[in-house]
Amino acid sequence: VGESMTSREKIMEYVNISEMNGQFDFPLYWDVRKVFAADQGGFEDINRSLIDSLNGYGTEAVMSTMLGNHDFSRFMAYADNKYKPDSVNEQEYGWKNDVKVDNPANYRKLKLAFSFLMTIPGVPLIYYGDEYGMTGAHDPDNRRVMKFDDGLTTAEQDVLRYVSALNHIRANYSVFR
C-alpha cells in the first residue's frame, strides 16, 4: 500500500501490476473528515466522493480507507470542533493548547464514520487509538501514548466496543468487504 497525498488520478499512476496493488485513499479520507467530523457537508458529498473513488480506482486496486493517520490531526480533534480542517496551523495549535474531547456526544460522529469505513470496499486502516477515539492535534500531538482498558473513559470504552463489533461483522460477512 502506497502513501501519495494527492489526487485520485495521480494516486493511480502508481497502482499497476509492476508497482503497487493499492494506496491510501486520501481524497476519500479528506471528505470523510469534512463530512463526518467537521460538519462540512452532507451524505450527498460523501456518497459522491465514494463513487469517485470506486470509479477512479476500479475493481483491481486494493485501496486502503482510513479515518486518520500520523500525518494529520486526529478525527476527534475535528469532531469536537477544536478547529476545522485547514483552518489553523494544527501543529502549532497542538503545542499551545490542551486538545481533549470536551463533549463526549461527539464520539457519535466517530462511530458513524467507522460504520461507513467498515462497510465500504477497501482495506480499512485503523490508526492506533482511533478505535477508541484518541484525540490530538497535528504531529507530534497525534502520536500520544496508547491507552488501554482502565485508562479509557466510559465514552471511549463504548466506541471501542462498537468498533470491535464492526470488525467482527466485517470479518464474518463478506458482503461488508
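The values are calculated or read from the model by the stated rules, or taken from the named source; none is laboratory data. Quantities reported herein were computed from a predicted structural model and do not represent experimental measurements. Positions of Cβ are generated from backbone atoms using ideal geometry, with glycine treated the same way; all protein chains shown enter the neighbour counts. Ligands, DNA and RNA are excluded from the accessible area calculation, which covers all protein heavy atoms including side chains. Shrake-Rupley method; radii C 1.70, N 1.55, O 1.52, S 1.80 Å.
Summary value for segment 1-77: 36 percent relative contact order, contacts being C-alpha pairs under 8 angstrom separated by 6+ residues.
Mean separation of Cα pairs under 8 Å and 6 or more residues apart, divided by the residue count, gives segment 67-177 a relative contact order of 38 percent.
Which whole-number percent gives the relative contact order of segment 1-131, counting Cα pairs below 8 Å spaced six or more residues apart? Each step should come with its number before you reach the end.
Numbers: 167 pairs, mean separation 36.2, N = 131.
Computed over segment 1-131, the figure is 28 percent.
The angle between the Cα long axis of helix 154-172 and the main principal axis of the chain comes to about 20°, on a 0 to 90 degree scale. The count of lysine pairs in the chain whose Cα atoms are under 17 Å apart, excluding pairs fewer than 8 places apart on the same chain, comes to 12. Measure nothing but the geometry: give the 0 to 90° angle between the long axis through the Cα atoms of 43-57 and the longest principal axis through the Cα atoms of the chain, rounded to 10°. Between helix and principal axis, roughly 40 degrees. Amide H contacts of Met118: none lie under 5 Å away among residues 5 or more positions distant or on a separate chain (H built 1.01 Å from N in the peptide plane; Pro and chain starts excluded). Residues considered: Asn69, Asn16, Asn81. Largest GNM mean-square fluctuation over the chain, using C-alpha springs under 10 Å, is found at Asn16.
Free of any chymotrypsin sites (Phe, Trp or Tyr not before Pro) that DSSP assigns to a loop and that have at most 11 other C-beta atoms within 10 Å, the longest stretch within the chain is 1-147.
Here's how it looks for Gly22: its modeled amide H is under 5 Å from those of Gly2, Val62, which are all 5 or more places away or on a different chain.
What shape does segment 47-177 have by the C-alpha gyration tensor, where a ≥ b ≥ c are the square roots of the eigenvalues, rounded means a/c under 1.5, and otherwise prolate means a/b greater than b/c and oblate the rest? Oblate shape, in that a/c is at least 1.5 and b/c is the bigger or equal ratio. Solvent-accessible area of the chain (1.4 angstrom probe, protein heavy atoms only): carbon and sulfur portion equals 53 percent.
Send over a whole-number figure in Å² for the accessible area per residue of the chain, probe 1.4 Å.
On the way: 9210 Å² over 177 residues.
Each residue of the chain exposes 52 Å² on average to a 1.4 Å probe.
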